[in-house]
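Peer 1: Pasting in a structure now, in structure tokens, and then I'll have a few things to ask.
The values are calculated or read from the model by the stated rules, or taken from the named source; none is laboratory data. Fair warning: this is a prediction, and the values are worked out from it, not measured in the lab. Ideal geometry is used to build each Cβ from the backbone, glycine not excepted, and the neighbour counts take in all protein chains shown.
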Amino acid sequence: MADLSIDMCGIKSPNPFWLASAPPANTGDQVMRAFDAGWGGAVWKTLGNPIVNVSSRFGGVDFAGRRVMGFNNIELITDRPLAVNLREIAEVKKRYPHHAVIVSLMVETKDEWREIIKRSEDTGCDGLELNFGCPHGMCERGMGSAVGQEPKVLTEITSWVKEYARTPVLVKLTPNVGDILEPGYAALEGNCDGLSLINTIKSIVGVDLERGVPLPRVGGGSTNGGYCGPAVKPIALHMIAQLARDPRTSRLPISGIGGVSNWRDAAEFIALGSTSVQVCTAVMHHGFRIVEDMIQGLSNFLDERGLTLDQFRGSAVPAYKEWGELDLNYQVVASINPDLCIGCQKCVAACQDGAHQCIFTGPADRPRPPHAHAEGMAKAPVPQVIGALAGDRVPWIDEPECVGCNLCALVCPVEGCITMVEVPNDRGVDTWQDRVNSGRDRVPGGIFE
Amino acid sequence: MSMIEAPPERLESRLAEAKPLYGPGEARAEAERCLFCADAPCVEACPTEIDVPGFIRQIASGDTLGAARTIFQQNILGYSCARVCPVEVLCVGSCVYNPWHKPPIQIGRLQRFATESSLDAEAAGGARVMRPRAPSGTRRSVALLGAGPASLACAAYLALEGHRAVIFEKRALPGGLNTTGVAPYKIHTEDSLREVEYVRSLGVEVRCGVEVGVDVTPESLLKDYDAVFLGLGLGVDSKLAIEGEDGPGVWGATALIEEIKNTPGFKLPDARRALIVGGGNTAIDVARELAQLGVPEVAMVYRRGAADMSGYAHEMDLARRDGVTLQTGCTPTAVVRGGDGRVEGLRVQRREGGVEVLPADLIVLAIGQQKLRALAAAFEGVSLDARGCVSVEADSRRTGNPRVYAGGDCINGGKEVVNAVADGREAARAMLRAWPAGA
């Protein structure tokens, strides 16, 4: 069993899996049950001045018969008295001294920050997370994402916090910005110890078409909420990778958040530089015990490769490049395994209507579209391809026309049926940057023939 | 227009449906499994070529009414076909999930959900699923013989185009085999009649208890109508022509099923051992119905081997689950009766040699039905083929008389409801083509 323990800017945790600051980390009872289930840490539901929540708070996006591909909420920070939360935090920390307990905070004035930091740290917590990300309700009051979207304010408040805090300070960033590096630099300038991201994405989760009211419906109205769940993972991965590869922000440890549901998701976040990962939606959907798979899966993955967590962390960051650094001479073409093909021909429709018109059916040669690059007819394979399952419904690829876009392989419902096969060539590596540098290509800025 | 009501106290009411109506959530979940194949094999497998992936996608997106319209466009009897079609050998059997060893999409149940939900909504005052064109000055009129699926479909498509369609049915109840013959676990009489009511709501006139050739002559129909459609179906059950088969205790299969389905207060003969002679789907149906209705021993007797049976393998599997046994290689030679005339058994010649009397107190003959040769031939220009089926042109379903069309069992010798619907629809389309546009 691989050692999964982490030390994130001084916050120690038996594994990298933390509950995110959200409903699953709302009470001492929940957090203790989560620790019993195997979670390594928890970021407590954000403390601040008392708020009143609405009833009807969550919305979900289903996809292809599965529930909650995406999730949105219009809930605010904790609605429990500060003293109760602090008492429970202290109790948890006392009972679970080796687990990470981070207190999420969101207040307004400098005095309030000083006060709440002192009282929070008096519980014995391991660190603080500054909620500069909440994109609904709190931002209307000048907090949450209202801070995260204003680099100067973000720097200033972070500096206040660092003035008072004795424990490590994580700044939680909002993805509702044009360039995540801007708030990243601002947090760095405020002297924070680490970053947490992403918070939720501003969203309207749907519309009740019968009533003509967006969702989730609160009486006759609704408001924009924060979007999260599996659907946002790609957005989170990109922002984390941006910060992880930037020479300035790369020294800040990252707590990765956004659609993590299993060990594989978590491993992807860690490969792109996350030290810990935080989970909310998957716990709200499936309960605390999903962490069992996360612990075992990540451990097995590392053991099979003989890697430590430290060696694995950030291992995919160097391969995250600019487009202009990609090899234009690398080429793949689609290949259909006729024995796995079930004959649904989804690849045919996808390629003909949505890609490059190079997948056909039938025994005869087929005319290429007028815009084709290759000359003549698309050559049907001889003898005709007969699949084990689909008979003569197996489509075929016009390889000279295939640009290697991957679409057919992505829409094929049968795993491993369509693969993208590398076509070796002797042309060597050639990037767009190489072409610009050697005068063979141009920087955009006009229409060229 | 008064409802044609199902008779009370029918024996079939004791048999529950095997595939009840999906709820909206169930339907959506099943619909979302559909891959939405390109050039989908399920469409090709459907004799009426319903756009199956199209209507399933509409169910998945919540447009149930649109799904029903997609179905009705190609198959106006989609409501009954959803239940009575042998989907296992048609659309569902061709689903690409089968070779992949995954459960195929339950297309029949989805079709039932779309059509039944939409007809329910229409009956409750919601949107009309299909809107007939208003009759124009060039309205044609068509007489249709027999109120089975072929005539109902033909008449419905004519009515949707604003033409007059009048169906003549000799029985008291319309609907053809859906009413009189299809197994109750697939469809009950009241549901078949409900579909007839729907066809009537499109403007089709149905005259029950009127027998062409008795109450009205073929000549008068040809005189009074622009075209005639023969949806005659088949005649009475065929007999074996063996000793002892006439008399109590020996039934024709379709006659017995009709009693079970339609006759008020009908009770099964008090039988302990029933033998069903035949290897087709009607034989399997009557065997299953008797077993489900409580006859302790039900056996099918077939003269050739199991592989030669025309009944579907999946239906035979279900029959075995109902407790039906199968005796193959047995050719009946006589019905054995006791001194009081009661049936005691069936004497059979074994294929491997030897004669045996299989004990039985009820014998049902399911070896086919007679052709209604005389009625069809009474229309001038209509000819029959060697089997006694009405000869038609392949596409138009037109007979030798350019104003007489035919479809359903009377042209194919006995196929599925969906084949009859395809015939009726194609005949209607051919008539529409034959009539000069706007004239």
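Peer 1: Which one of these does B:Ala306 not meet: (1) among the aliphatic types (A, V, I, L, M); (2) under 28 Å from the mean Cα position of the chain (by Cα); (3) crowded, with 17+ Cβ neighbours inside 10 Å?
Peer 2: (3)
Peer 1: Does B:Phe72 count as under 23 Å from the mean Cα position of the chain (by Cα), among the aromatic types (Phe, Trp, Tyr), within 30 Å of B:Val404 (Cα to Cα) and modelled with pLDDT of 95 or more?
Peer 2: Values: under 23 Å from the mean Cα position of the chain (by Cα): yes; among the aromatic types (Phe, Trp, Tyr): yes; within 30 Å of B:Val404 (Cα to Cα): yes; modelled with pLDDT of 95 or more: yes.
Taking the combined requirement at face value, the residue satisfies it.
Peer 1: For residues that are over 16 Å from A:Ser335 (Cβ atoms) and not in a loop (DSSP other than H, G, I, E, B), tally how many sit in the stretch A:361-394.
Peer 2: 4
Peer 1: Now a separate question. Filter the strands (runs of 3 or more DSSP E) completely within the stretch A:181-248 down to those with at least 1 residues that are under 15 Å from A:Leu170 (Cβ atoms).
Peer 2: In the stretch A:181-248, the matching strands (runs of 3 or more DSSP E) lie at A:194-197.
Peer 1: Return yes when A:Pro424 is out of contact with any helix residue (DSSP H, G or I) (no Cβ under 6 Å at 6 or more places or on another chain), surrounded by fewer than 18 Cβ atoms within 10 Å (Cβ to Cβ) and touching a residue at least 12 places away in the same chain (Cβ under 8 Å) and no when it is not.
Peer 2: Against the criterion (out of contact with any helix residue (DSSP H, G or I) (no Cβ under 6 Å at 6 or more places or on another chain), surrounded by fewer than 18 Cβ atoms within 10 Å (Cβ to Cβ) and touching a residue at least 12 places away in the same chain (Cβ under 8 Å)), A:Pro424 does not qualify.
Peer 1: Which of the residues spanning the stretch A:62-97 are within 14 Å of chain B (Cβ to nearest Cβ) and not small (Gly, Ala, Ser)?
Peer 2: Narrowing the stretch A:62-97 to residues within 14 Å of chain B (Cβ to nearest Cβ): A:62-67, A:69.
Once the filter is applied, which keeps residues that are within 14 Å of chain B (Cβ to nearest Cβ) and not small (Gly, Ala, Ser), the stretch A:62-97 yields A:Asp62, A:Phe63, A:Arg66, A:Arg67, A:Met69.
Peer 1: One residue is enough: does the stretch B:381-397 have a residue meeting the conditions more than 29 Å from B:Gly249 (Cβ to Cβ), over 25 Å from the mean Cα position of the chain (by Cα) and not in a strand (DSSP E or B)?
Peer 2: Looking through the stretch B:381-397, at least one residue is more than 29 Å from B:Gly249 (Cβ to Cβ), over 25 Å from the mean Cα position of the chain (by Cα) and not in a strand (DSSP E or B).
Peer 1: Quick one: which residue in B:Val84, B:Val96 is among the β-branched types (Val, Ile, Thr), touching a helix residue (DSSP H, G or I) at 6+ places or on another chain (Cβ under 9 Å) and more than 14 Å from every other protein chain (Cβ to nearest Cβ)?
Peer 2: Within the list B:Val84, B:Val96, the selection yields B:Val84.
Peer 1: Can you find a residue that is under 30 Å from B:Leu268 (Cα atoms), out of contact with any helix residue (DSSP H, G or I) (no Cβ under 7 Å at 6 or more places or on another chain), of a type in the set (A, V, I, L, M) and at pLDDT 95 or above anywhere in the stretch B:208-218?
Peer 2: Of the stretch B:208-218, the ones under 30 Å from B:Leu268 (Cα atoms) are B:208-211.
Right, trim to out of contact with any helix residue (DSSP H, G or I) (no Cβ under 7 Å at 6 or more places or on another chain) and you get B:208-211.
From the residues that got through so far, the ones that are of a type in the set (A, V, I, L, M) too are B:210.
Now restrict to residues that are at pLDDT 95 or above: B:210.
For the stretch B:208-218, residues under 30 Å from B:Leu268 (Cα atoms), out of contact with any helix residue (DSSP H, G or I) (no Cβ under 7 Å at 6 or more places or on another chain), of a type in the set (A, V, I, L, M) and at pLDDT 95 or above: present.
Peer 1: In addition: Give me the pairs: first residue in the stretch B:238-251 and surrounded by 14 or more Cβ atoms within 10 Å (Cβ to Cβ), second residue among the polar types (S, T, N, Q), beta-carbon distance under 7 Å, and six or more apart or on different chains, which are they?
Peer 2: Listed pairs, sorted by first residue: B:Ser238/B:Gln369; B:Ser238/B:Gln370; B:Ile242/B:Thr333.
Peer 1: Output the number of the condition that B:Ala334 fails; it satisfies all remaining conditions of (1) in a strand (DSSP E or B); (2) hydrophobic (A, V, I, L, M, F, W, C); (3) without any contact (Cβ under 8 Å) to a residue 24 or more places away in the chain.
Peer 2: Condition (3) is where B:Ala334 drops out.
Peer 1: Looking only at the stretch A:25-34, decide whether some residue is more than 14 Å from every other protein chain (Cβ to nearest Cβ), in contact (Cβ under 8 Å) with a residue 40 or more places away in the chain and part of a strand (DSSP E or B).
Peer 2: Scanning the stretch A:25-34 turns up no residue that is more than 14 Å from every other protein chain (Cβ to nearest Cβ), in contact (Cβ under 8 Å) with a residue 40 or more places away in the chain and part of a strand (DSSP E or B).
Peer 1: Looking at A:Asn191, A:Asn199, which one is polar (S, T, N, Q) and surrounded by fewer than 22 Cβ atoms within 10 Å (Cβ to Cβ)?
Peer 2: Within the list A:Asn191, A:Asn199, the selection yields A:Asn191.
Peer 1: Let me confirm something: among A:Gly226, A:Gly144, which residue is at pLDDT 95 or above and buried (at least 20 other Cβ atoms within 10 Å of the Cβ)?
Peer 2: Values: A:Gly144 fails: at pLDDT 95 or above.
Sole residue among the options that is at pLDDT 95 or above and buried (at least 20 other Cβ atoms within 10 Å of the Cβ): A:Gly226.
Peer 1: Hey, can you tell me all the residues within the stretch B:40-50 that are of a type outside the set (Ser, Thr, Tyr) and surrounded by 15 or more Cβ atoms within 10 Å (Cβ to Cβ)?
Peer 2: B:Ala40, B:Pro41, B:Cys42, B:Val43, B:Ala45, B:Cys46, B:Pro47, B:Ile50, listed by residue number.
Peer 1: Scan the stretch B:11-31 residue by residue and report those that are within 13 Å of chain A (Cβ to nearest Cβ) and surrounded by 19 or more Cβ atoms within 10 Å (Cβ to Cβ).
Peer 2: B:Ala27, B:Arg28, B:Glu30, B:Ala31
Peer 1: Going through the stretch A:3-51 one residue at a time, which ones are out of contact with any strand residue (DSSP E or B) (no Cβ under 9 Å at 6 or more places or on another chain), among the hydrophobic types (A, V, I, L, M, F, W, C) and modelled with pLDDT of 95 or more?
Peer 2: Of everything in the stretch A:3-51, those that are out of contact with any strand residue (DSSP E or B) (no Cβ under 9 Å at 6 or more places or on another chain), among the hydrophobic types (A, V, I, L, M, F, W, C) and modelled with pLDDT of 95 or more turn out to be A:Met32, A:Ala37.
Peer 1: If you take the residues of the stretch A:381-399 that are at pLDDT 95 or above and not charged (D, E, K, R), which of them is farthest from B:Asp39 (Cα to Cα)?
Peer 2: Looking at residues that are at pLDDT 95 or above and not charged (D, E, K, R), I get A:Ile397.
Peer 1: Just give me the residues in the stretch A:427-445 being on the phi < 0 side of the Ramachandran plot, part of a loop (DSSP other than H, G, I, E, B) and either touching a residue at least 40 places away in the same chain (Cβ under 8 Å) or loosely packed, with under 10 Cβ neighbours inside 10 Å (or both), in sequence order.
Peer 2: Passing the criteria: A:Arg427, A:Val429, A:Asp430, A:Ser438, A:Val443, A:Pro444.
Peer 1: A follow-up question, please. Just to be sure, is B:Ala124 of a type outside the set (Phe, Trp, Tyr), without any contact (Cβ under 8 Å) to a residue 40 or more places away in the chain and either touching a Ser or Thr at 6+ places or on another chain (Cβ under 6 Å) or away from chain A (no Cβ under 14 Å) (or both)?
Peer 2: Criteria met by B:Ala124.
Peer 1: Within the stretch B:99-118, take every residue that is within 14 Å of another protein chain (Cβ to nearest Cβ) and not charged (D, E, K, R) and give me the one that is surrounded by the most Cβ atoms within 10 Å (Cβ to Cβ).
Peer 2: Residue satisfying both the conditions and the ranking: B:Leu110.
Peer 1: In addition: Taking the stretch A:397-413 as the region of interest, how many residues are touching a strand residue (DSSP E or B) at 6+ places or on another chain (Cβ under 6 Å) and within 14 Å of chain B (Cβ to nearest Cβ)?
Peer 2: 2
Peer 1: Further question on the same structure: Any residue at all in the stretch A:315-327 that's more than 14 Å from chain B (Cβ to nearest Cβ), assigned to a loop (DSSP other than H, G, I, E, B), out of contact with any Gly (no Cβ under 9 Å at 6 or more places or on another chain) and of a type in the set (A, V, I, L, M)?
Peer 2: yes
Peer 1: Also, quick follow-up: Looking at A:Ile359, A:Ile342, can you tell me which residue is within 14 Å of another protein chain (Cβ to nearest Cβ), surrounded by 16 or more Cβ atoms within 10 Å (Cβ to Cβ) and under 19 Å from B:Pro99 (Cα atoms)? Talk me through it step by step, then tell me what you get.
Peer 2: Working: A:Ile359 fails: under 19 Å from B:Pro99 (Cα atoms).
Exactly one of A:Ile359, A:Ile342 is within 14 Å of another protein chain (Cβ to nearest Cβ), surrounded by 16 or more Cβ atoms within 10 Å (Cβ to Cβ) and under 19 Å from B:Pro99 (Cα atoms), namely A:Ile342.
Peer 1: Within the stretch A:168-180, count every residue that is part of a loop (DSSP other than H, G, I, E, B) and surrounded by 15 or more Cβ atoms within 10 Å (Cβ to Cβ).
Peer 2: Of the residues in the stretch A:168-180, 7 are part of a loop (DSSP other than H, G, I, E, B) and surrounded by 15 or more Cβ atoms within 10 Å (Cβ to Cβ).
Peer 1: Right, another one. Working only within the stretch A:51-77, note down all residues that are among the basic types (Lys, Arg), touching a residue at least 24 places away in the same chain (Cβ under 8 Å) and in a strand (DSSP E or B).
Peer 2: Correct list: A:Arg67 only.
Peer 1: Does the stretch A:300-314 contain at least one residue that is among the polar types (S, T, N, Q) and either surrounded by 16 or more Cβ atoms within 10 Å (Cβ to Cβ) or at pLDDT below 95 (or both)?
Peer 2: Among the residues of the stretch A:300-314, not one is among the polar types (S, T, N, Q) and either surrounded by 16 or more Cβ atoms within 10 Å (Cβ to Cβ) or at pLDDT below 95 (or both), which makes the answer no.
Peer 1: Find the residue count for the stretch B:307-331, including only residues that are touching a helix residue (DSSP H, G or I) at 6+ places or on another chain (Cβ under 8 Å) and not hydroxyl-bearing (Ser, Thr, Tyr). I'd like the intermediate steps shown before the answer.
Peer 2: Narrowing the stretch B:307-331 to residues touching a helix residue (DSSP H, G or I) at 6+ places or on another chain (Cβ under 8 Å): B:309-312, B:314-316, B:318-319, B:322-324, B:326, B:328.
When the remaining residues are screened for being not hydroxyl-bearing (Ser, Thr, Tyr), the result is B:309, B:311, B:314-316, B:318-319, B:322-324, B:326.
Total meeting the criteria: 11.
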